[in-house]
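Report on the following structure.
What follows draws every value from the coordinates through simple rules; no lab data is involved. Please read these numbers as outputs of a predicted model, since none were measured by experiment.
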Amino acid sequence: MRSEQQVNRAIEQYSSTIRRLCMLHLKNYADTEDIFQTVFLKYVLSSVSFESVEHEKAWLIRVTINACKDLLKSFFHSHTVSFDDIIEQPAELPPDYREVLEAVFSLPPKYRDVVYLHYFEDYTAPQISRILGKNVNTIYTFLTRSKQMLREKLGGDGYEW
């Protein structure tokens, strides 16, 4: 494990390089910040002794590129769409659909994920339970509770579920 001084020096010296590399690969600020933290956590926990400053920089660059590639090929990353991308399509969405979508996004995350996967991505409850690592009955409970919350937000039984 590295000392606090070593870590602070490395962050000061290489942070802009690491962030630029991440943005180049990921094109996403949130993912860039996640990988940035991952890279420096690996640096802190690493027992590699560097022969020179160039060796240290090369190691950090290699770790950054590998972490970016791992994120890009992960199941979650390749099978999701940003909520911002979906909301940014006002011309393609009928007003009722947009209202429902905004109501879904206002739900607490555990309900929002289940509703989105079930109604917008057409996953079944057993499939969602495997994706989220939760019991199937928990998924059914979340769906029932989220429907009730959506009825309250959208004003009654006017929407088909």
Set of lysines with alpha-carbon distance to K147 below 20 Å, sequence-local pairs under 8 removed: K110, K134
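Test of understanding: what is the full-extension gain from S16 to R98, defined as 0.36 nm times their sequence separation minus their Cα-Cα distance?
25.6 nm
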